[in-house]
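Questions regarding the structure given below will be posed in turn.
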Amino acid sequence: MQKLLIVSHDVVGSNMAGPGIRYWELARALAAHTQVTLVAPRPIDMTASYVRTGSYTWGDVASLAAYIAHADVVLVNGFVFEFYPNLGEIDQKLMIDLYDPTLLENLELLRANPAERAARTQRDVALLNQQLAAGDFFLCATERQRDLYMGALMAAGRITPARVDADPLLRGLIAVLPFGLPNEPPVRSGPGPRGLIAGVGPDDPIILWSGGLWDWMDPQTLIRAMPTVLAAVPNARLVFMAGRHPGAAAEMRTPHEARTLADEIGLLGSHIFFYGSWVPYADRVNFLLDAAVVVSLHRQHLETAYAAVRSRFLDHLWAGRPSVVSAGDAAAELVERYDIGRVAPIGDEAAVARAICDLLADAALCAACAGGAQALAAEFSWERVSAPIRAFCAVPRRTRPVASHTSPPPTQASQPALLPTTTDTTMKDQTRNETIG
């Protein structure tokens, strides 16, 4: 059985965002098929059957090399390459997860700082080229992303006659691995907004924003739609899951702008609420099950066009809740194709209000959307979507060009301290005493 090392660049634990969720759930799904070790920049405060966990230190090559030395296959995200550029020289087979188009994300994140934005774009291009040269196998999140990266791989010289002859569609070089969903159905574990937020009553229909308030998203259009919604449904309540990223990511402009707008229209604290604590991964179900409608809106830009189907949107499916989304991304295609909610033109507050009102007024429509969402959720189980990794680990192969120089042999690294795990348990309010990595 191959030994797989998964390196997360983001926090993995009871409080985690999309990247941490992706690598945690992939580790769980793959543990039945390969020996999995999952490491992150901080100690991991959760356990899962047959998954070993550990931590490494940003910038400390030895702390990561110790884990690499004891692996056969390594899965990393591009963020890790920025701090460990010699990853392309390791002897182990290297899978690179390109699900997050970092360059396009940073174009939006740094829009207010032109000089930093230009410099970061150059670095992101160099970082992408470095990954394209180093990987033996690549993962992306959608077919649209795959087309984007196929062009990049072609420009990088990775598409050759011999490779195409052996693998005409190059699915053995780059495969689609979207975000996934748990196999287990959603089960309430505690109070949601009705029990946590003063001003949300037991019978108030809740409109939930379940994702982060990132700068590439558009909560403002939803907020502007609320006066129209309230004219039709006076007891409607809009709740934002607005906690700060647990990995202490840079503070974004959008949370402040959204609160300011809600205050300006006179609805902050009465009909619009921002839940300020990051909702633990295991507790997100309580917010979802309290919701009548779940909303995800974005602005028009390249990040949207090539983004993954966002993890928080997939949660709408898992919980069986109708969605209202912006047009133009992969989530909108799913909503339209499977009739599991409503799609509104980008920035169109009237269309958003109309979509929400239609859903709140029609119980039969909501039930139909919910049934379709739950049926679609099964297609995104982590066991199902992780198939490309299982296939590569079964027959790992080197496809990258031979490096012109070699790094110090990783086998010189000492054995890292690992935490073998045997149960699926979240250890809340508890700090591990072990030293890891």
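Would you check if Arg146 is surrounded by fewer than 18 Cβ atoms within 10 Å (Cβ to Cβ) and either touching a residue at least 24 places away in the same chain (Cβ under 8 Å) or part of a helix (DSSP H, G or I) (or both)?
no
Has region 183-192 got any residue that is assigned to a loop (DSSP other than H, G, I, E, B), in contact with a Ser or Thr (Cβ under 8 Å, 6 or more places away or on another chain) and closer than 30 Å to Phe138 by Cα?
The answer is yes, given that some residue of region 183-192 is assigned to a loop (DSSP other than H, G, I, E, B), in contact with a Ser or Thr (Cβ under 8 Å, 6 or more places away or on another chain) and closer than 30 Å to Phe138 by Cα.
Which one of Asp91, Asp72, Asp60 is over 27 Å from Leu173 (Cα atoms) and not polar (S, T, N, Q)?
Of the residues listed, the single one that is over 27 Å from Leu173 (Cα atoms) and not polar (S, T, N, Q) is Asp60.
With Asp165, Asp215, Asp203 as the choices, which residue is charged (D, E, K, R), out of contact with any His (no Cβ under 6 Å at 6 or more places or on another chain), under 30 Å from Gln131 (Cα atoms) and not assigned by TED's automatic domain parsing to the domain that holds Met95?
Asp215 is the lone residue from the list that is charged (D, E, K, R), out of contact with any His (no Cβ under 6 Å at 6 or more places or on another chain), under 30 Å from Gln131 (Cα atoms) and not assigned by TED's automatic domain parsing to the domain that holds Met95.
With the condition kept exactly as written, say whether any residue in region 241-260 is surrounded by 17 or more Cβ atoms within 10 Å (Cβ to Cβ), charged (D, E, K, R) and not in a helix (DSSP H, G or I).
So far as region 241-260 goes, no, none of its residues is surrounded by 17 or more Cβ atoms within 10 Å (Cβ to Cβ), charged (D, E, K, R) and not in a helix (DSSP H, G or I).
While we're looking at this one, here's another question. Determine whether Asn113 is at pLDDT below 90, in the same structural domain as Val395 (by TED's automatic domain parsing) and surrounded by fewer than 23 Cβ atoms within 10 Å (Cβ to Cβ).
no
Here's a follow-up. Please give the number of the condition Asp100 fails out of (1) of a type outside the set (Phe, Trp, Tyr); (2) without any contact (Cβ under 8 Å) to a residue 60 or more places away in the chain; (3) surrounded by 15 or more Cβ atoms within 10 Å (Cβ to Cβ).
For Asp100, the failing item is (2).
Here is a check on your reading of the model: is Ile68 under 30 Å from Ala330 (Cα atoms) and either modelled with pLDDT of 90 or more or more than 18 Å from the chain's Cα centre (by Cα) (or both)?
no
Let me ask another. Quick one: which helices (runs of 4 or more DSSP H) sit completely within region 325-383 and have at least 3 residues that are buried (at least 23 other Cβ atoms within 10 Å of the Cβ) and over 18 Å from the mean Cα position of the chain (by Cα)?
The qualifying helices (runs of 4 or more DSSP H) are 349-361.
What's the number of the condition Gly88 fails, among (1) in contact (Cβ under 8 Å) with a residue 60 or more places away in the chain; (2) within 21 Å of the chain's Cα centre (by Cα)?
(2)
Further question on the same structure: Any idea which of (1) in contact (Cβ under 8 Å) with a residue 24 or more places away in the chain; (2) touching a Lys or Arg at 6+ places or on another chain (Cβ under 9 Å); (3) farther than 22 Å from Gly328 by Cα is the one Leu230 doesn't satisfy?
(2)
Can you pull out the residues in region 306-324 that are of a type outside the set (Gly, Ala, Ser), within 17 Å of the chain's Cα centre (by Cα) and outside any loop (DSSP other than H, G, I, E, B)?
Listed by number, the residues that qualify are Tyr306, Arg312, Phe313, Leu314, Asp315, His316, Leu317, Trp318.
Right, another one. Specify which of the listed residues (Leu208, Leu238, Leu213) is outside any loop (DSSP other than H, G, I, E, B), closer than 16 Å to Ala262 by Cα and under 22 Å from the mean Cα position of the chain (by Cα).
Leu208
I've got another one for you. When region 308-329 is examined, which residues are found to be farther than 22 Å from Gly243 by Cα and touching a Lys or Arg at 6+ places or on another chain (Cβ under 9 Å)?
Within region 308-329, Pro322, Ser326, Asp329 meet the criteria.
Answer with yes or no whether Ala225 is in a helix (DSSP H, G or I) and either modelled with pLDDT under 95 or not assigned by TED's automatic domain parsing to the domain that holds Arg400 (or both).
Yes: the conditions hold for Ala225.
Report, by residue number, each residue of region 298-325 that is within 15 Å of Gly18 (Cα to Cα) and of a type in the set (A, V, I, L, M, F, W, C).
If the condition is that a residue be within 15 Å of Gly18 (Cα to Cα) and of a type in the set (A, V, I, L, M, F, W, C), then Ala307, Ala308, Val309, Phe313, Leu314 are the ones that fit.
Could you list, in sequence order, the residues of region 1-46 that are acidic (Asp, Glu) and under 19 Å from Ser386 (Cα atoms)?
Within region 1-46, Glu25 is the sole residue that qualifies.
Test of understanding: among Glu257, Glu251, Glu264, Glu303, which residue is over 30 Å from Ala364 (Cα atoms) and within 16 Å of the chain's Cα centre (by Cα)?
Glu303
The values are calculated or read from the model by the stated rules, or taken from the named source; none is laboratory data. What you see is a predicted model; the values in this text were computed from it and never measured. Counting neighbours? That spans all protein chains shown, and the Cβs are built from the backbone with ideal geometry, glycine included.
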